[in-house]
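Presented below is the structure to which this report refers.
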Amino acid sequence: MIRLYNSGAYLVDGTKLVEDGPQAAAQLEACGKRADRETARKNTIAYSILQQHNTSGDDRMLRLRYDSLTSHDITYVGIIQTARASGMKEFPMPYVLTNCHNSLCAVGGTINEDDHMFALSAAQKYGGIYVPTNLAVIHSYNREMMSRCGNMILGSDSHTRYGALGTMAVGEGGGELAKQLVGRTYDLATPDIIGIYLTGAPKKGVGPHDVALALIGATYNNEYVKNKVMEFVGPGIANLPIQFRNGIDVMTTETTCWSSIWCTDEEVKGYYEVHGRPDDYCELKPGDVAYYDGMIEIDLSGIEPMIALPFHPSNVYTIAQLKENAADIFDKVEKDCLAQLGRKNLAMNLQSKIRGGEIYVDQAIVAGCAGGTFDNICDVADILRGHSVGNGQFNMNVYPDSQPNFLELVRNGSIATLMEAGVVVRSAFCGPCFGAGDTPANGELSIRHTTRNFPNREGSKPGEGQIASVALMDAHSVAATAVNGGRLTAATELDVEYRHPKYYFDQSVYRNRVYNGVGNAQPEQELHFGPNIKDWPQIPELTDDLLLKVVSYITDPVTTTDELIPSGETSSFRSNPLRLAEFALSRKDPDYVPQAKAVQELERAREDGAMDGAEAQLGEIYAKIREIPGYAQFDPAATGIGSTIYAVKPGDGSAREQAASCQRVLGGWANLAKEYATKRYRSNLINWGMVPFLVEDAQVFAKGDYLFVPGVRKAILAGAEEFQAYVIGEQVRPVTLRMSKLTEDEKKILAAGCLINFYRSEA
């Protein structure tokens, strides 16, 4: 079904694979080809697109300028505020501002709509695109209106993926978008490119989420594609409709890859024609001989209906496997999840879902950029035609991903069929993906065709004794389960006649409501500031030496951005840095905020020249530092005091920069980690002046210990990748901290204290 190569591979004429190794040259010659590895690397689709956007002149170190940007209403205020503070006068490229996250006023008051009005005024002032609330989810609008073969899009949402439409898209933290807005580049070493070779065709009833979950399960834990580009090739692509491809593509984020791209064909050409943009299509395919740094073969005909159990999309089983061994699998999942939450006395109630040898779920959701597509919802309607979801505890909700899709689903009768079956149909909204919509009751199990099932992504609060669970499934099997009143059912178990109605796109929905100010900036337009929209606070620059207190110590194998800064109920405070920071690590380490604030008060005293207060609390620490050989003349007044956290592998999941900025606002000055889960989280740390240290042996320090890092500013600017530090606990112990290579700008950003300070200093 899925095979991962142990080496690279050559792709010949887009159809034949030659595994790299001693026999590769002979096999290529047998195909009538000759190619060296480095030349063949340049024949991939991804290499070509990256070089077209590279301004460095060096194909090994990229400095990228994107064709357009996109953000939603959890992230755009902070990005625009950062860019304004950094000197931005207008948007230098199309910038799409959607309103699909903070659509519900979960906390009362006007603050959500104030953010939306800020975005509209910003689109008018700086020349952007404003997509009103519930008109489209962010990625659907960009697919429909902004994708273009060969283009690149940068978005402040981790699921920014339009590869199936020939567009390389990247989800990043807001700082990277701010760089683009002030004319700078996105810098990285050229990533490895992994081929995804598709063959065969999916079985009837198998959908895009089944393929995506199988791929995630095969790659997430072994990091086979981490921070790399996934390039989809092979004859199997032709057997996938475009929306099926989009459904797989958007989930590549969960493999931890950096971006994705697909071969394009007549199917993609037809998509652009239907959307009134035929000139945005061109054929993309590898050269005659292309080399990939790794290869994954997927036989689509071997994919079975899948389910991803809590708390990660990679925790996958086939539905058949789960049904055959439900008790043991649920027992393992419950233990693993409660250990991850750190709440062993909490009940998840998964075992209670087994009744009479069958598994019963309580809720079904099909929504968002992954599930709410036209084809998915048409097929869901066909499965449910003539059936009822019932009037008991089980319920089902469907969210079309855009208003144009909704309109066509109304016109072809799919919406009527769903409503007749008892399904509640809602407007475009990302809430079910991050815990702000359709929260189940305590102890319930929800099956969803959405993007993630991280802890609390369904809206529960384990710290308050409230916990529900989400399992990810494809829309087809979600609907099949609904047909049976919540009894877990794979879509392949049903005999359904799928109509596959033709898709039409009515652009008038957007033309009549979306504000498009690209190329028409109006500098005289005043920004709309609601009372909850606040400027970023002043951030200090990096001092010569650092004294860091470890205020949180997390030993989980992976720490998600949701655990660093929760989603859901915090969303309405995204435009208020100080208020949002109060939620930092609130679900993972409730003591973090007060302890970080206590350290921050010591730094403020130092900055104000009131060293007596700092000396009173840190005198013993300072004395121990002076005992270190060479530091008898240590000067506390020149040493920054900050908090830090240790986590084994932080940053999996969302791209939102607040996971880092909230720590910085509370006086954080570094992270300590064995490794960082994603490039985007590490970038967020750097853009907010947080030093991304790596530490191999974290047992040399503990929560509450101080780390003295001398000469850190000078070392960073000199490009050091190793730092001598000292743990100041009961004893003084040396520890070596490391850091992956920084770009020249990243060095300067860290020294300046944050991205805003860096641009201000240059101005």
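Out of the residues in the range 392-402 that are part of a loop (DSSP other than H, G, I, E, B) and within 24 Å of the chain's Cα centre (by Cα), state the one that is surrounded by the fewest Cβ atoms within 10 Å (Cβ to Cβ). Lay out the reasoning, then the answer.
First, pick out the residues of the range 392-402 that are part of a loop (DSSP other than H, G, I, E, B): 392-394, 399-401.
Within this subset, residues satisfying the condition of being within 24 Å of the chain's Cα centre (by Cα) are 399-401.
On the way: Y399: 28, P400: 32, D401: 31.
My answer is Y399.
Residue-level check: of (1) within 40 Å of the chain's Cα centre (by Cα); (2) under 17 Å from D705 (Cβ atoms); (3) surrounded by fewer than 20 Cβ atoms within 10 Å (Cβ to Cβ); (4) among the hydrophobic types (A, V, I, L, M, F, W, C), A638 misses just (2).
Every listed requirement among (1) assigned to a loop (DSSP other than H, G, I, E, B); (2) of a type in the set (G, A, S); (3) within 30 Å of I129 (Cα to Cα) is met by S572 save one, (1). Of all residue pairs spaced 6 or more apart or on separate chains, those with beta-carbon atoms under 9 Å, a first member in the range 110-130 that is among the charged types (D, E, K, R) and a second member that is in a helix (DSSP H, G or I) are D115/Y76; D115/V77; D115/S572. From the list L488, L494, which residue is surrounded by 15 or more Cβ atoms within 10 Å (Cβ to Cβ), more than 27 Å from S427 (Cα to Cα) and in the same structural domain as K323 (by TED's automatic domain parsing)? After ruling out the rest, the residue left standing is L494.
When R457 is tested against the conditions (1) buried (at least 24 other Cβ atoms within 10 Å of the Cβ); (2) free of Cβ contacts under 8 Å to residues at least 24 places away in the same chain, the lone failure is (2). Kindly check whether there is at least one residue in the range 566-581 that is touching a Pro at 6+ places or on another chain (Cβ under 8 Å), over 22 Å from I80 (Cα atoms) and not hydrophobic (A, V, I, L, M, F, W, C). No, every residue in the range 566-581 fails to be touching a Pro at 6+ places or on another chain (Cβ under 8 Å), over 22 Å from I80 (Cα atoms) and not hydrophobic (A, V, I, L, M, F, W, C).
In summary, H209 fulfils each of the numbered conditions (1) closer than 28 Å to L62 by Cβ; (2) crowded, with 23+ Cβ neighbours inside 10 Å with the single exception of condition (1). If you scan the range 170-181, which residues turn out to be acidic (D, E) and either assigned to a helix (DSSP H, G or I) or assigned by TED's automatic domain parsing to the domain that holds I686 (or both)? Correct list: E176 only. Among L69, L28, which is the only one that is at pLDDT below 90 and farther than 20 Å from W262 by Cα? After ruling out the rest, the residue left standing is L28. Against the test of being within 20 Å of S571 (Cβ to Cβ) and β-branched (V, I, T), the options V478, V470, V496, V483 yield a single qualifying residue, V470.
Let's see how each residue does on (1) aliphatic (A, V, I, L, M); (2) touching a Phe, Trp or Tyr at 6+ places or on another chain (Cβ under 8 Å):
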residue	(1), (2)
I686	yes, no
G689	no, yes
D697	no, no
T736	no, yes
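Candidates A655, A659, A673: the one that is modelled with pLDDT of 95 or more, out of contact with any His (no Cβ under 8 Å at 6 or more places or on another chain) and surrounded by 19 or more Cβ atoms within 10 Å (Cβ to Cβ) is A673.
Got at least one residue in the range 282-290 being touching a residue at least 60 places away in the same chain (Cβ under 8 Å), part of a strand (DSSP E or B) and surrounded by fewer than 23 Cβ atoms within 10 Å (Cβ to Cβ)? Within the range 282-290, one or more residues are touching a residue at least 60 places away in the same chain (Cβ under 8 Å), part of a strand (DSSP E or B) and surrounded by fewer than 23 Cβ atoms within 10 Å (Cβ to Cβ). The selection criterion, being touching a helix residue (DSSP H, G or I) at 6+ places or on another chain (Cβ under 6 Å), exposed (fewer than 15 other Cβ atoms within 10 Å of the Cβ) and either at pLDDT below 95 or in a helix (DSSP H, G or I) (or both), holds for R733.
All of (1) in contact (Cβ under 8 Å) with a residue 40 or more places away in the chain; (2) within 26 Å of L494 (Cα to Cα); (3) of a type outside the set (G, A, S) hold for C430 with one exception: (2).
Taken over the range 47-72, the residue count meeting the criterion of being assigned to a helix (DSSP H, G or I) and among the small types (G, A, S) is 1.
The sole residue among L564, L542 that is within 25 Å of F708 (Cα to Cα), hydrophobic (A, V, I, L, M, F, W, C) and more than 19 Å from the chain's Cα centre (by Cα) is L542. Determine whether the range 684-696 contains at least one residue that is farther than 30 Å from T70 by Cα and over 24 Å from the mean Cα position of the chain (by Cα). Yes, the range 684-696 contains a residue that is farther than 30 Å from T70 by Cα and over 24 Å from the mean Cα position of the chain (by Cα).
A single member of D495, D535 is under 29 Å from the mean Cα position of the chain (by Cα), at pLDDT below 95 and part of a loop (DSSP other than H, G, I, E, B), and it is D535. When the residues of the range 541-553 are filtered to those that are in a strand (DSSP E or B), aliphatic (A, V, I, L, M) and touching a helix residue (DSSP H, G or I) at 6+ places or on another chain (Cβ under 8 Å), the one that is surrounded by the fewest Cβ atoms within 10 Å (Cβ to Cβ) is L546. Within the range 413-461, if we keep just the residues that are in a loop (DSSP other than H, G, I, E, B) and among the hydrophobic types (A, V, I, L, M, F, W, C), the residue that is farthest from D336 (Cα to Cα) turns out to be A421.
The values are calculated or read from the model by the stated rules, or taken from the named source; none is laboratory data. Just so you know, these numbers come straight off a predicted model, no measurement behind them. Positions of Cβ are backbone-derived with ideal geometry, glycine not excepted, and every protein chain shown enters the neighbour counts.
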